[in-house]
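K.L.:
The structure that follows is given in the form of structure tokens.
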Amino acid sequence: MHRLKDRVILVAGAATGLGAASARRLAQEGARVVVGDLDADGAEETATGIRAEGGEAVAVGFDISDDTSVRHLVLAATRTYGGLDAVHVNAGDMGAVRKDTDVVDIDLAIWDRTIAVNLRGHMLVSRHALPELLARGGGAIVYTSSIASFTGDAKRPAYAATKAGINALTRHVASRWGKEGIRANAVAPGLILTPEIEHGAPPEMLRSMLNRTRSTRHGRAEDVAGMVAYLLSDEGSWVNGQVLNVDGGTVLR
Ligand SMILES: NC(=O)c1ccc[n+]([C@@H]2O[C@H](COP(=O)([O-])OP(=O)(O)OC[C@H]3O[C@@H](n4cnc5c(N)ncnc54)[C@H](O)[C@@H]3O)[C@@H](O)[C@H]2O)c1
């Protein structure tokens, strides 16, 4: 399928995991992909892999929590490919999640870092990308939320708050710019077995997460990438302001 032929798409947070799979899928669908990540070597690895498959991609190191750095990322995209058509905002500080205990115990630096990367960072990418999308007559954004934005948990309050914030950001962007041709949606994955989770998570936790699904298997990064590609393509052109679960039926709403 070549639903994204020649579109310029930025994936913010694409060195590993869901973002890397999304960048790869978007390139397979014909997009020219800007692979942004704090891990500049990892971003280069993703871009090199895409080029090895015959796709088009450049890597840019950046920090989503830093306004100037995000501005430079968007500038790099437009300078390299002459404009911007779509964005997948995906970065999340997964190191902080492990120390995201509860609101009485949490180190405030972990709370602040989680907000800075997972929520403020997503707003910063929107802020700098939207004028470029509007300059092309419209465009699409997909944010990576999580089912944690809907469910309750005794742990990870900062993570869940940022993901609920992303849902609100999604609705705001769709409401403010929908009439100008902007679509903003979010994907809310359930547990996705990235190599890090597959090898790092205790087997009993993986079993209990599988039990919570209505599926025979765990999620894969490619499951989310397929939804991102659909939402960024014209096939998703009547979908706006939505948070779509990709979770094997874990949360039914
Ligand atoms: N894996 C899951 O089960 C799952 C489930 C629901 C939602 N998510 C969300 O998917 C996204 C990706 O998660 P993942 O599991 O692929 O983890 P990951 O750690 O592989 O991916 C996160 C990416 O964000 C990058 N990043 C972190 N801080 C950054 C910063 N300051 N600036 C720029 N880039 C930065 C990392 O380097 C990494 O490449 C996250 O937003 C996460 O919350 C993951």
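The values are calculated or read from the model by the stated rules, or taken from the named source; none is laboratory data. Note that this is a predicted model, so its numbers are computed, not measured. Note that each Cβ is placed from the backbone with ideal geometry, even for glycine, and that neighbours are counted across all protein chains shown.
K.L.:
Would you check if Ser65 is within 9 Å of the ligand (Cβ to nearest atom), surrounded by fewer than 24 Cβ atoms within 10 Å (Cβ to Cβ), within 19 Å of the chain's Cα centre (by Cα) and in contact (Cβ under 8 Å) with a residue 24 or more places away in the chain?
P.N.:
yes
K.L.:
Could you list, in sequence order, all residues of region 136-171 that are of a type in the set (A, V, I, L, M, F, W, C) and assigned to a helix (DSSP H, G or I)?
P.N.:
Ile147, Ala148, Ala158, Ala160, Ala161, Ala164, Ile166, Ala168, Leu169
K.L.:
Could you please tell me which pairs satisfy a Cβ distance under 6 Å, a separation of 6+ or placement on different chains, a first residue in region 21-44 that is more than 16 Å from Ala225 (Cβ to Cβ), and a second residue that is more than 15 Å from the ligand (Cβ to nearest atom) and assigned to a helix (DSSP H, G or I)?
P.N.:
Arg32/Tyr81
K.L.:
Any residue at all in region 233-249 that is within 14 Å of the ligand (Cβ to nearest atom) and over 19 Å from the mean Cα position of the chain (by Cα)?
P.N.:
no
K.L.:
Do we have Ala201 as more than 16 Å from the chain's Cα centre (by Cα), more than 15 Å from the ligand (Cβ to nearest atom) and surrounded by 13 or more Cβ atoms within 10 Å (Cβ to Cβ) here?
P.N.:
no
K.L.:
Right, another one. Which residue pairs have Cβ atoms under 7 Å apart, sit 6 or more places apart or on different chains, and have a first residue in region 165-181 that is in contact (Cβ under 8 Å) with a residue 12 or more places away in the chain and a second that is exposed (fewer than 14 other Cβ atoms within 10 Å of the Cβ)?
P.N.:
Taking only residues 6 or more apart or on different chains, the pairs are Gly181/Gly137.
K.L.:
Related question: Can you tell me which residue within region 2-45, out of those that are part of a helix (DSSP H, G or I) and more than 15 Å from the chain's Cα centre (by Cα), is surrounded by the most Cβ atoms within 10 Å (Cβ to Cβ)?
P.N.:
Looking at the filtered set, the residue picked out is Ala27.
K.L.:
Return a yes/no flag: does region 113-134 have any residue that is β-branched (Val, Ile, Thr) and either farther than 23 Å from Ala14 by Cα or surrounded by fewer than 17 Cβ atoms within 10 Å (Cβ to Cβ) (or both).
P.N.:
Looking for residues that are β-branched (Val, Ile, Thr) and either farther than 23 Å from Ala14 by Cα or surrounded by fewer than 17 Cβ atoms within 10 Å (Cβ to Cβ) (or both), one finds none in region 113-134, hence no.
K.L.:
With respect to Ser145, determine if the residue is among the hydroxyl-bearing types (Ser, Thr, Tyr), surrounded by fewer than 20 Cβ atoms within 10 Å (Cβ to Cβ), under 30 Å from Tyr81 (Cβ atoms) and at pLDDT 95 or above.
P.N.:
no
K.L.:
For region 138-182, which residues satisfy the criterion of being charged (D, E, K, R) and either in contact with a Gly (Cβ under 7 Å, 6 or more places away or on another chain) or within 11 Å of the ligand (Cβ to nearest atom) (or both)? Steps first, please.
P.N.:
Step one: filter region 138-182 for residues charged (D, E, K, R), giving 153, 155-156, 163, 171, 176, 179-180.
Residues satisfying the conditions are Arg156, Lys163, Arg171, Glu180.
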